[in-house]
Every structure is written in structure tokens, then in C-alpha cells.
Amino acid sequence: MSTTDGRPVDAAETAPTTASYYGRPIVKPHVWRWYIPLYFWIGGTAGAAAVECVCARMRGAHALATVEKRAALLGVLVAPPLLIADLGVKLRFVNMLRVFKLTSPMSVGSWILTGFGGAIAASTLAELLGWERTSRALEVVAAGFGPPLAVYTAVLVADTATPAWHEAGDTLPFVFAASGMASAGAIGAAFAPPAESRSARQLMIGGAIALLAAGRAMDNQLGELLSEPYRIGKGGSLRRASATCALAGIVIGTLGRKNRTATRFAAACVAAAGMIERFAVTAAGTQSAEDPKYTVESQRARMQARD
Amino acid sequence: MSDLYDDTAAEREMATHPQAEARKGFFTDTTLCIGCKACEVACKEWNQLPADGYSFTGHSYDNTGELNGSTWRHVAFVEQLRNGATPQEDEQQVVRADAGRWLMESDVCKHCTHAACLDVCPTGALVRTEFGTVFVQQDVCNGCGYCVPACPFGVIDKREYDGHAGKCTLCYDRLQDGETPSCAKACPTESIQYGDLEELRTRADARLEKLQREGRYTDASLYLRDTDNGIGGAGAFFLLLDKPEVYGLPPDPFDTTRDLGRLWKHAAYAALALVGVTALAAVGTRR
């Protein structure tokens, strides 16, 4: 937990027992089903994959570039059905593009996803038609939308009254970016020919290390009280599972870098770490909304710091 | 982005409204509430909302539990014994004879000046009306559910039965005909008062001053009456006798949009880091 001026607040400063109304939640937990955290991972991976695609292309690693491009395409094909499935009125998915609203990260994100998806799809079509220069230009366009696609979902969840999300706003984008990078690297490491996959493996391992580091930074930003939902319950279990997968991926990916099977196993571990982290964040958000102490104590500490 | 935040304020939104009227609202004086739940029922009846099932919470006389997509008024019941304990905590001692006091509060959507639900709504389904209230257009809402965790009061919710988000409309249909919202109309003790927000604020100030002068409710305070809080003041504000959290209300509510600029700034750093690390991994490799 931190105050408005960014000063971390010790949990001991806040009242030992929290008054509440029969322990009922004050803010409502999100109502998204598993499709949404899965989309967070798929969208983030696709966004990072488009960036890796262009980086590989510039180095002449065309096989790796193609693998990343296919991953991005697959991502934008899977993402809309996941998002639509979670809507209360599915046919009104088109209303997502009814307005462009800067105060709504979901509106901004819908347009980012549309731009990204359009660019990847058009680039793939141009590739099939043999228009190489058009295809590569569109890859660059997709790579422009890629990083925003990878991080906007962090802004989306932080832009709520959910304590474990909102108060993690400065660090959560780094967790999401690292998850995307690690997963995109893992895809390249697993599927690109060994002659070209070295940079992808480095990205995979670098991303996994970044994921662990960003997680620690997030815990520090949240402080003792608000990092609790990431340590206990379902959020905590998922968080530990993600860290275990990331560590396994880092060790196996480094030691077994000459071995194709070991590399692929490491890639599966890292991709799993990236995905599970999204579910951990989602679960921790729910936990922090369900127990009123997180809402009350963080707000009381903020009021105290202001006075 | 701070400009964006200002632009979402009710006053600005109403300033550009073609048919803006005086901002309307509720003043709920909890010292007058008798817990009859007439407001809950009148709201259900007028707005044709279904019941919430037939379960019992065990929380005093409160079997409604919370505000949600189909419950737009909720009466909270808090029994406080004179020794400071709640009846649940005091079960062994059975000091019911030592009756303390009842806190009863009819909760409702706050119709915030800075409304997080309205800000985050991606479809524009949530709008500011000519009365300065926050309204969900049922024919636009696609049930994305974003407004649910955004609301600092846990008011708006997604309904299972039609997939839309739902919350208090301040009886938009009745207001258009110059009528009083059904809850205020049904309230037998004038605990729920409806009117022009400015007038309600004046009335609330006078009421608070009177209660404190008489010395009976020295702990009374006005919740969300002023504009110097995280939501820029509410269209529905309250006279409370205890801390807000005792009634299930947040002590320092905020519109999350206040921090949106900072959130995007850090997201931009993260996006740049993503590009940097990916490029570095590529450059640092011969293949």
C-alpha cells in the first residue's frame, strides 16, 4: 500500500481491527470469467510477438519472424471470441467501437486490438498474395500496436477501485509486459529453427527474469497489507506456481540451451509462468475486493497521510 | 490527463448538456430512518425489478445484503450495544436489556460528480442526464462488466438475467415528468429527501447544526456532502452517526480516473522497456 504521494505505508500504522458492515465487501469484485485473464495473456503475448517479429526480420532471421507472426495472428483470431464470450449481451460486441473514449482503458484497448488485428491479418494476406514489401510494412504497423496491446490490460485492471490492482498501478504494466515478452520469446525458442532461435531464447529467459523482478517490485509498491492477496489464498497459490514455472524455465533453458527438447520444455514452463501470472493477478484482485479490510485500511492510511 | 479528469465532472458534463436542469439528488438523513424498507420495495415495484431470492443473511433485519444490478435501495441495520459490542460479539453475556442504539441507513447510488463507472464504460452506455444523474442506457450496454469493479461504492452490478449492468436511475422516468423518485415518495419519515442538490445541501447543513446544538447526536457528520473528496461530491449524500465503514461505505472513496494519467505514464515506460529488451535480445545475438 502506498499513499497518494507515493510513500509506502506500514500496515502497523493502520488500525489493528477494521470496522465493517458484517464483514461484507465495500467494493464489488470483478465479474469476469476465466476468458478474460486468458485474453490478458494471449493479447500480451501476441503484442510482444509482433515486436519480436520485426526485430527478427531486421536481423534476417526470417524463419523466427514468421513463427512470431503466426503466433500474433493466432492470438488475434482467438482474442475476440474470448472477449465476446464474456459479454452479457454478445451481439453488442460492436458497441465496443461505438465511441473512442480516453477515460476508458477498455475503449482505448478495443481500438488498439482492432488496429493490431487488422495490421497482422492484412500483413498475412499480403504475404499470401506475394506482396512482400506491403506485408513487411504492415508488420511494422502491427509492431507499433504491439507494446500498447501488451500493457493496456494492466492499466485496465488498475483503473478500478479494486485495492490490489489500483495501488499496484505503477508496477503492474511491467509485470504484464514481462509476461508478454517471456511468452513471445518462449514461442520463438520452441518453434523457430535452432539456427535462428537464440535471440528468442534470450528473450524468453530475460522475460522470465523480468517477470520475477517486476513481481517483487509490485509487492514492494503494494506494501505489507495490499500484497497479502498475492501471498495467501488462490492468488498466492497461483503466484507461487507462476514463480516456480519461471524459475524452472530459467534454469532448464540456460543449462539445456544446446538441447532442443530441454529448450522446448523450458519454453513451456516460461509460457505457463506468463499465463498463470495473469490468473494470479485476477484472483488477487477478487480477494482484495471481497475483504473490506483492504479497502478500509488502505483508505484510512491515505487519509492519515493527507492530514 | 488531468484535463480529462476535469472533463468528466458532472458540472462540465451538464454545462454541455442541451437541456440541462438544476442538478437533482438525494439527502438521506439516517437519524430519521426507521428501517421499514418501504424505499426498497417502492423501488422494486416502480422499476419492475425482481426480488433477490429468499435467503436469510442472519445480519440483523437485513436480508437484502447489498446494492446490486436489481436492488437499487438497500437498508443497512446496525445494532450497537451500550458497551460498544455488537449483539453477535456479545452473545454470551446476553446484555440485550442494555440496549444501545440502532443505526439504519438506506443506501443508494451516489450519482458521483466524478463517476468512475461512467468514465470507464467503453460503449458510452453510461451517461450523465440533464438532471446531473448517472444513467445506464439499457439498449447500449453490452454487459462487459468494467463498471462493476470501477465503482468505489460497490453499487453497480452486472445482472445475470439480462446481461446488462444495472443501478439506481434516480427514477429518470419520473423526473422527466416532474415527479419525485419512488423511494423518496414512499419514505414515511422523510429520511430520504429528494430535490435540487444545492437546496438539499443547505437543508443538510441546517439539520447537522441543529442536531449538534441539541447535543443528542454530537457524532453526526455529513458524508459526501462536500466536493473536496475523491469523487468531487455526490448527488446522493448522507447524514451518518458513525464511521462510514460501519455502514459498509468507503471512508475515502475516489474516482479511479484521478490516477489514470499516472497509470498510462507507467504503462508507456513498460511498453518502451518491452521494445528495448526485445531489441537488445536481437542485437546481442548473431542469430
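The values are calculated or read from the model by the stated rules, or taken from the named source; none is laboratory data. Fair warning: this is a prediction, and the values are worked out from it, not measured in the lab. In this analysis, Cβ positions are derived from the backbone assuming ideal geometry, glycine residues included, and neighbour counts consider all displayed protein chains.
Data overview
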| read-out | value |
| --- | --- |
| Pair list, Cβ under 9 Å, 6 or more apart: segment A:134-158 residue under 27 Å from B:Ala116 (Cα atoms), other residue of a type in the set (Lys, Arg) and part of a helix (DSSP H, G or I) | A:Thr153/A:Arg278 |
| Any hit, segment B:204-215, residues being closer than 27 Å to A:Ala289 by Cα and of a type in the set (Lys, Arg) | no |
| Qualifying residues in segment A:23-79 (those that are more than 9 Å from chain B (Cβ to nearest Cβ), at pLDDT 95 or above and not in a helix (DSSP H, G or I)) - the one nearest to B:Cys144 (Cα to Cα) | A:Arg33 |
| Residue list for segment B:252-287, filter: within 30 Å of B:His114 (Cα to Cα), facing another protein chain (nearest Cβ under 7 Å) and in contact with a helix residue (DSSP H, G or I) (Cβ under 8 Å, 6 or more places away or on another chain) | B:Asp252, B:Thr256, B:Thr257, B:Asp259, B:Leu260, B:Leu263, B:Trp264, B:His266, B:Ala267, B:Ala270, B:Ala271 |
| Test result for A:Pro229, farther than 16 Å from A:Leu172 by Cα, surrounded by 22 or more Cβ atoms within 10 Å (Cβ to Cβ), within 14 Å of chain B (Cβ to nearest Cβ) and touching a residue at least 24 places away in the same chain (Cβ under 8 Å) | no |
| Long-range neighbours under 7 Å by Cβ, at least six apart or interchain, first residue at pLDDT 95 or above within segment A:277-306, second of a type in the set (Asp, Glu) and surrounded by 24 or more Cβ atoms within 10 Å (Cβ to Cβ) | A:Ser298/A:Glu167 |
| Single match in A:Leu222, A:Leu203 (criterion: touching a strand residue (DSSP E or B) at 6+ places or on another chain (Cβ under 8 Å), crowded, with 23+ Cβ neighbours inside 10 Å and either part of a helix (DSSP H, G or I) or at pLDDT 95 or above (or both)) | A:Leu222 |
| Checklist (1) facing another protein chain (nearest Cβ under 8 Å); (2) out of contact with any strand residue (DSSP E or B) (no Cβ under 8 Å at 6 or more places or on another chain); (3) not charged (D, E, K, R) applied to A:Ala161, failing item | (2) |
| Test: residue in segment B:127-139 that is of a type in the set (Gly, Ala, Ser), surrounded by fewer than 24 Cβ atoms within 10 Å (Cβ to Cβ) and more than 16 Å from the chain's Cα centre (by Cα) | no |
| Members of segment B:232-251 found to be more than 8 Å from chain A (Cβ to nearest Cβ), within 23 Å of B:Arg73 (Cβ to Cβ) and under 16 Å from the mean Cα position of the chain (by Cα), listed by number | B:Gly233, B:Ala234, B:Gly235, B:Ala236, B:Phe237, B:Phe238, B:Leu239, B:Leu240, B:Pro244 |
| Output for segment B:1-53, where each listed residue is modelled with pLDDT under 85 and among the hydroxyl-bearing types (Ser, Thr, Tyr) | B:Ser2, B:Tyr5, B:Thr8, B:Thr16 |
| Residue that is farthest from the chain's Cα centre (by Cα), among those in segment A:167-201 that are at the interface with chain B (Cβ under 7 Å from one of its Cβ atoms) and farther than 20 Å from B:Ala271 by Cβ | A:Ala195 |
| Single condition A:Pro193 does not satisfy, out of (1) touching a Cys at 6+ places or on another chain (Cβ under 9 Å); (2) outside any helix (DSSP H, G or I) | (1) |
| Only one of A:Met218, A:Met303 that is among the aliphatic types (A, V, I, L, M) and more than 11 Å from chain B (Cβ to nearest Cβ) | A:Met218 |
| Qualifying residue in segment B:231-248 (condition: acidic (Asp, Glu), in the same structural domain as B:Gly65 (by TED's automatic domain parsing) and within 22 Å of B:Thr133 (Cα to Cα)) | no |
| Residue under evaluation A:Ala85, criteria (1) at the interface with chain B (Cβ under 10 Å from one of its Cβ atoms); (2) surrounded by fewer than 17 Cβ atoms within 10 Å (Cβ to Cβ); (3) aliphatic (A, V, I, L, M); (4) closer than 28 Å to A:Ala283 by Cα, criterion not met | (1) |
| Residue satisfying all of: in segment B:67-84; of a type in the set (A, V, I, L, M) and part of a loop (DSSP other than H, G, I, E, B); modelled with the lowest pLDDT among these | B:Leu81 |
| Helices (runs of 4 or more DSSP H) contained in segment B:123-210 and holding at least 1 residues away from chain A (no Cβ under 14 Å) | B:172-176, B:182-186 |
